[in-house]
Amino acid sequence: MSDETLLEVSDLCAAYGRSQVLFDVGLTAPARGAVAVLGRNGAGKTTLMKTIIGEIKAGRGTIRFAGRDATHLPTEQRARLGLGYVPQEHAVFARLSVRENLAVGALGGRDRGGVDRVLAIFPKLGERLSQAAGTLSGGERKMLAISRALLGEPKLLLLDEPTEGVWIGVIEEIADRLRALAQEIAIVIVEQHLDLALSVAGRAYVLDRGRVALEGPSAEIRDDPRLLQFLAP
Ligand SMILES: Nc1ncnc2c1ncn2[C@@H]1O[C@H](COP(=O)(O)OP(=O)(O)OP(=O)(O)O)[C@@H](O)[C@H]1O
Ligand SMILES: [Mg+2]
């Protein structure tokens, strides 16, 4: 495991028009291992992911990534530095086949063996190469979305709800793959399944109305009496 900091978000603020959603958020991720971002619906988790990737402009604060100040870099440049992103929604091209989705994902990758490697991680996709992505099960679609992001060979993967809409029997399979992946790269995972999130991630941040309300090692967060209050609707 490396302790070197890959992502360092400090005092980050973001807004939609006049409505501020993130307030002075701080978050760091080491070069390997996962950190979880928790919080009830509307807490600002997706907004935080989109601000880190550059889809939403930071109003204030800084985002350092891979030794660079990335706060004002365009999204493509952040991607080129090694920031990968699996959005909560619309992460695959529904009308393209699995094979075509992977081919598009592989465009930016330097390594030609990438598709074989992601199919080794998610063998189920290999059985569905000709199928339109829009007809995949929820779990298969998430696997395809993660695979596409991995083909860009990210140093850090931002995962926004990778098990949302996934059948319970497949959730553990995805969690397993993420645990293995976190041995090699950095992951920031937004996840509603608390046990899953805390089992994949070594550290966790809990957002409450756009502010970091709790942070620390997953084992401590799990036992913190305030946790359920911050997650309750
Ligand atoms: N495009 C937008 N325009 C205006 N407000 C928005 C927009 N997107 C999100 N918001 C608001 O920002 C707040 C945070 O939303 P966000 O999607 O970041 O929450 P979240 O923690 O990801 O929630 P969920 O668990 O439901 O995915 C919410 O109040 C939401 O209504
Ligand atoms: Mg969200």
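The values are calculated or read from the model by the stated rules, or taken from the named source; none is laboratory data. On a predicted model such as this, the values are computed, not experimentally measured, just so you know. So basically every Cβ, Gly included, is an ideal-geometry build from the backbone, and we count neighbours across all protein chains shown.
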Subject >> Selected residue [within 16 Å of ligand 1 (Cβ to nearest atom), farther than 21 Å from Ala43 by Cβ and not in a strand (DSSP E or B)] from Ala175, Ala145 >> reply: Ala145
Subject >> Unique residue being farther than 15 Å from Leu151 by Cα, among the charged types (D, E, K, R) and out of contact with any Pro (no Cβ under 8 Å at 6 or more places or on another chain) when the list is Arg99, Arg80, Arg117, Arg60 >> reply: Arg60
Original post:
Residues in segment 78-94: is at least one within 16 Å of ligand 1 (Cβ to nearest atom) and hydroxyl-bearing (Ser, Thr, Tyr)?
Top reply: yes
Subject >> Breaking point among (1) surrounded by 21 or more Cβ atoms within 10 Å (Cβ to Cβ); (2) under 14 Å from the mean Cα position of the chain (by Cα); (3) of a type in the set (A, V, I, L, M, F, W, C), for Leu27 >> reply: (1)
**OP:** Find all pairs meeting these conditions: Cβ atoms under 6 angstrom apart; at least six residues apart or on different chains; first residue within segment 196-216 and of a type in the set (D, E, K, R); second residue part of a strand (DSSP E or B) and away from ligand 1 (no atom under 13 Å from the Cβ).
**Re:** Arg203/Val35; Arg203/Pro217
Original post:
When you look at Gly44, is it touching a strand residue (DSSP E or B) at 6+ places or on another chain (Cβ under 8 Å), crowded, with 21+ Cβ neighbours inside 10 Å and under 30 Å from Phe23 (Cα atoms), yes or no?
Top reply: yes
**OP:** For segment 152-172, indicate whether the set of residues that are of a type in the set (Phe, Trp, Tyr), over 22 Å from Val104 (Cβ atoms) and not in a loop (DSSP other than H, G, I, E, B) is non-empty.
**Re:** no
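Suppose we filter Leu198, Leu158, Leu178 for residues that are closer than 17 Å to Gly26 by Cα, modelled with pLDDT of 95 or more and in contact with a helix residue (DSSP H, G or I) (Cβ under 9 Å, 6 or more places away or on another chain); which single one remains?
Details: Leu198 fails: closer than 17 Å to Gly26 by Cα; Leu178 fails: closer than 17 Å to Gly26 by Cα.
One residue alone meets the criteria, Leu158.
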Original post:
Residues in segment 37-45: is at least one in contact (Cβ under 8 Å) with a residue 60 or more places away in the chain, within 16 Å of ligand 1 (Cβ to nearest atom) and in a helix (DSSP H, G or I)?
Top reply: yes
Original post:
Taking Val115, is it of a type in the set (A, V, I, L, M, F, W, C) and within 20 Å of Met49 (Cα to Cα)?
Top reply: no
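Filter segment 73-106 for residues that are part of a loop (DSSP other than H, G, I, E, B) and touching a residue at least 12 places away in the same chain (Cβ under 8 Å) and give the result. Lay out the reasoning, then the answer.
Going through segment 73-106, the residues part of a loop (DSSP other than H, G, I, E, B) turn out to be 73-74, 82, 87-96.
Matches in segment 73-106: Leu73, Pro74, Gly82, Pro87, Gln88, Ala91, Val92, Phe93, Ala94, Arg95, Leu96.
Which residues, taken from segment 1-36, are assigned to a strand (DSSP E or B) and of a type in the set (S, T, N, Q)?
To start, the set of residues in segment 1-36 that are assigned to a strand (DSSP E or B) comprises 5-16, 19-30, 33-36.
Of everything in segment 1-36, those that are assigned to a strand (DSSP E or B) and of a type in the set (S, T, N, Q) turn out to be Thr5, Ser10, Ser19, Gln20, Thr28.
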**OP:** Identify, from the list Ala34, Ala58, the residue that is in contact with a helix residue (DSSP H, G or I) (Cβ under 6 Å, 6 or more places away or on another chain), buried (at least 18 other Cβ atoms within 10 Å of the Cβ) and without any contact (Cβ under 8 Å) to a residue 60 or more places away in the chain.
**Re:** Ala58
**OP:** Hand me the list of helices (runs of 4 or more DSSP H) wholly inside segment 190-233 holding 3 or more residues that are among the charged types (D, E, K, R) and surrounded by fewer than 19 Cβ atoms within 10 Å (Cβ to Cβ).
**Re:** 218-223
